[in-house]
1. Between the DSSP loop rule and a limit of at most 14 other Cβ atoms within 10 Å, which trypsin sites (Lys or Arg not before Pro) in segment 201-273 are left?
2. For segment 84-217, what does the relative contact order come out to in percent, with C-alpha contacts under 8 Å and a separation of six or more?
3. Under 13 Å from the 7 Å Cα→Cβ point of residue 233, by amide nitrogen: which residues of segment 179-203?
4. Give the residue list of chymotrypsin sites (Phe, Trp or Tyr not before Pro) in segment 173-245 that are DSSP loop and have at most 14 other beta-carbon atoms within 10 angstrom.
5. Mind jotting down the distance between the C-alpha centroids of segment 138-175 and segment 210-270, whole Å?
6. Counting only heavy atoms of protein chains, what accessible area per residue, in Å², does segment 139-246 have with a probe of 1.4 Å?
7. Would you please give the FRET efficiency between residue 272 and residue 135, computed as 1/(1 + (r/R0)^6) with r the Cβ-Cβ distance and R0 = 30 Å, to the nearest 0.05?
8. Can you list which of the chymotrypsin sites (Phe, Trp or Tyr not before Pro) found in segment 258-289 are DSSP loop residues with at most 15 other C-beta atoms within 10 Å?
Amino acid sequence: MTFTTRRKILASVAAAAALPLVNDLTGNGSQAAAEGSTSSGTLEFSSNTALYSSGAFKEGEDWMRRFQCRPQPGFADNLRNATGPIRSTAVIAPHGGSIEAGTSELCLAIAGYDHSADPVTELQDKLPAAVPGAVQRDYWMFEALKNGDPQHVTSTHCDDPAALAVCANNLYAVSLHGFSPDKGPAKQILVGGSDQRLMHNLAWAFDKYGFKPGSDTFAPLSVTVTVAAPNTRINGDDPANIVNRTRTGAGAQLEISTELRKAMFLSWDSAASRRSGAGKGDQNQAHFWNGFVSAVREAMHVHELGMANAEPPTGA
């Protein structure tokens, strides 16, 4: 491990503009925007505002969003003999629910909250419970309750005011996505974004927790972790990407293959079964779920200490 200077981290806070005024974190957007359609006739929305304002899909029936945006504590540490980490990393899932299944549950778990409660019936008047012993972090997720695919708004077009507030409230962010690889092993993680230090800390942590290619391509625990190269299709480095709209102007994007997400759950059939079956079943499912959550948490912790792994991990 090598250290970056604490001065650089704090300078980024001092230089950051004040949080934008958010008139309505729970409303449906201030104005309607145009939406197009695909060749199949499916609605394709140019922004969250367009989706919320269209009337085609209703909040609470077709979609919902959940978020936690806490006031950040002061950064002064002059009364301490040793500096501690600056806890300022948001966790987001722009395509949760039935769009990129499994990312909602991962988002809550990584952010330090109970992922098992039904948000529609059990969390009407309260937030998810904090996980004892885990650091709680800001989070935001958009969840499709049904009709998922037409509600997919790309990360570069995300203008949800709560998402903007959560990311702007933090120095860093990690976003969770699902993808189907065009080629290569079934279980893959593609680490993208514009924060190179955070990206490599994530790759290092995945390697530490056993997410690496096995001796046999089809080994049950084999996972290929790749740090996305510049100018690749889903490398997540666009400044407009919601994960990069932090106080430092950078974040990290995790694309998780469908087969790897499926391997984390006892059952994949429904949102309810995913909530109740995350990390349960055989030891492989526990390894994939617990290992992924622990790896991302540790990478964020290391990153917040100002550290960076010196060498890329095996398979990165």
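1. Values: sites: 208, 233, 245, 247, 261, 262; in loops: 233, 245, 247.
In loop regions of segment 201-273 (DSSP not H, G, I, E or B), the sparsely surrounded trypsin sites (Lys or Arg not before Pro) are 233.
2. The value is 33 percent.
3. Correct set: 179-184.
4. Passing sites in segment 173-245 are 218.
5. Their Cα centres are 17 Å away from one another.
6. Ligands and nucleic acids excluded, the figure is 39 Å² per residue.
7. 0.65
8. For chymotrypsin sites (Phe, Trp or Tyr not before Pro) across segment 258-289 that sit outside H, G, I, E and B with at most 15 neighbouring Cβ atoms in 10 Å, the list reads 268.
The values are calculated or read from the model by the stated rules, or taken from the named source; none is laboratory data. Not measured: the values here are computed from a predicted model. FYI the Cβ positions are ideal-geometry reconstructions off the backbone, even for glycines, and counts take in every protein chain you see. Note: accessible area is taken over every heavy atom of the protein model, side chains too, but ligands, DNA and RNA are not part of it. Shrake-Rupley method; radii C 1.70, N 1.55, O 1.52, S 1.80 Å.
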